[in-house]
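This report refers to the structure that appears directly beneath it.
The values are calculated or read from the model by the stated rules, or taken from the named source; none is laboratory data. Remember, it's a predicted structure, so these values are computed and weren't measured experimentally. Here Cβ is always computed from backbone atoms with ideal geometry, including for glycine, and neighbour counts include all displayed protein chains. Ligands, DNA and RNA are excluded from the accessible area calculation, which covers all protein heavy atoms including side chains. Shrake-Rupley method; radii C 1.70, N 1.55, O 1.52, S 1.80 Å.
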Amino acid sequence: MLDLGIIRSVFPDLLGGVVLSIKLSLLILLFGLLLALPVAFARNATSPALSRASKLYILFFRGVPAIIQVFLVYYGLGQFPAVRSSILWPVLRDPFWCLIIALSLNGSAYTGELLAGAMRAVPRGLVEAARALGLSRARTLQTVVVPLAVRAALPAYSNEVILTVKATSLASTITLLDVTGAARLAASQTYAPYEVFIAAGIIYFVLTYSLSYGLRQLENALAVEGQH
């Protein structure tokens, strides 16, 4: 029978992992977006080499499960002596940064493809009008193409944000005590995994629902602004 007392009692321990989950999510989204921009530009580049390289990058990171990518970074890179003796080793031996690196690369592939498609969808007439006004190609991208593409991509990007928050649960597989890691620890101590993971599920639901609501409000605000 479900023990509500256990669910209530483990909440404080699990909430301690929320801070780490949020911190991981923010850094992964930030680095993922920064990496996605060059991926998107390369995807739409007129150079066949750049376009193919970007496409292969996207295919790899979208085609391989995120947990495999996390393990490749955390467990795999350390087997190379050159990596262990490099200046990057203090970062690559830290599970916190390994997770951020792996999931940022993964997220940049999804977001890069999303932005590339949104850029291609910008009406050609607007681009030609900007060039006719004397704007350079770089200035046209900065003031016309990218802002319109970001606005068009926001609904789909909202899903990527939610998926990123849920993907941070992989942190528990490499010793980090995020919400899921704290739940696994609590389950081993209370011998009540059902109740503990229900509590963890409630926390993730509140986080993702709050994010969904905030992103919908942002979409609505941008839609209203676009009508003026």
Legend entry - Residue list for the range 6-58, filter: open to solvent by 60 Å² or more (accessible area, probe 1.4 Å), β-branched (Val, Ile, Thr) and either in contact with a Ser or Thr (Cβ under 8 Å, 6 or more places away or on another chain) or assigned to a helix (DSSP H, G or I) (or both): VAL19, ILE22
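I'd like the residue in the range 177-191 that is over 22 Å from TRP97 (Cα atoms) and in contact (Cβ under 8 Å) with a residue 40 or more places away in the chain and, out of all such residues, is nearest to the chain's Cα centre (by Cα). Working first, answer last.
At the first step, the residues of the range 177-191 found to be over 22 Å from TRP97 (Cα atoms) are 186-191.
Subset that is in contact (Cβ under 8 Å) with a residue 40 or more places away in the chain: 186, 190.
Working: ALA186: 27, THR190: 32 Å.
Among residues in the range 177-191 that are over 22 Å from TRP97 (Cα atoms) and in contact (Cβ under 8 Å) with a residue 40 or more places away in the chain, the one nearest to the chain's Cα centre (by Cα) is ALA186.
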Inset, instruction - Identify, by number, the condition in (1) of a type in the set (Asp, Glu); (2) surrounded by fewer than 19 Cβ atoms within 10 Å (Cβ to Cβ); (3) modelled with pLDDT of 90 or more that ASP178 doesn't meet. - result: (2)
Legend entry - Any hit, the range 188-206, residues being open to solvent by 70 Å² or more (accessible area, probe 1.4 Å), in a helix (DSSP H, G or I) and closer than 30 Å to THR46 by Cα: no
Inset, instruction - State whether the residues of the range 96-104 include one that is over 20 Å from LEU27 (Cα atoms), at pLDDT 95 or above and hydroxyl-bearing (Ser, Thr, Tyr). - result: no
Inset, instruction - Within the range 27-42, identify whether any single residue is small (Gly, Ala, Ser) and more than 15 Å from the chain's Cα centre (by Cα), and answer yes or no. - result: yes
Inset, instruction - Could you check GLN79 against (1) closer than 28 Å to LEU177 by Cβ; (2) surrounded by fewer than 21 Cβ atoms within 10 Å (Cβ to Cβ); (3) touching a residue at least 12 places away in the same chain (Cβ under 8 Å) and say which number it fails? - result: (3)
Inset, instruction - Any residue in the range 147-175 that's closer than 13 Å to ILE22 by Cβ: show its pairings with residues that are outside any helix (DSSP H, G or I) and acidic (Asp, Glu) at Cβ separation under 6 Å, as long as the two are six or more apart or on different chains. - result: THR168/ASP178; ALA171/ASP178
Legend entry - Evaluation of SER85 against (1) hydroxyl-bearing (Ser, Thr, Tyr); (2) open to solvent by less than 80 Å² (accessible area, probe 1.4 Å); (3) free of Cβ contacts under 8 Å to residues at least 12 places away in the same chain (one fails), failing number: (2)
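From the list VAL150, VAL144, which residue is farther than 25 Å from ILE28 by Cβ and open to solvent by 20 Å² or more (accessible area, probe 1.4 Å)? Give the derivation first.
Values: VAL150 fails: farther than 25 Å from ILE28 by Cβ.
When all the criteria are applied, what remains is VAL144.
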Legend entry - Condition check for PRO155: open to solvent by 20 Å² or more (accessible area, probe 1.4 Å) and modelled with pLDDT of 90 or more: no
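Consider LEU218 carefully, then state whether it is closer than 24 Å to PRO155 by Cα, in a helix (DSSP H, G or I) and not acidic (Asp, Glu).
Details: closer than 24 Å to PRO155 by Cα: yes; in a helix (DSSP H, G or I): yes; not acidic (Asp, Glu): yes.
Yes.
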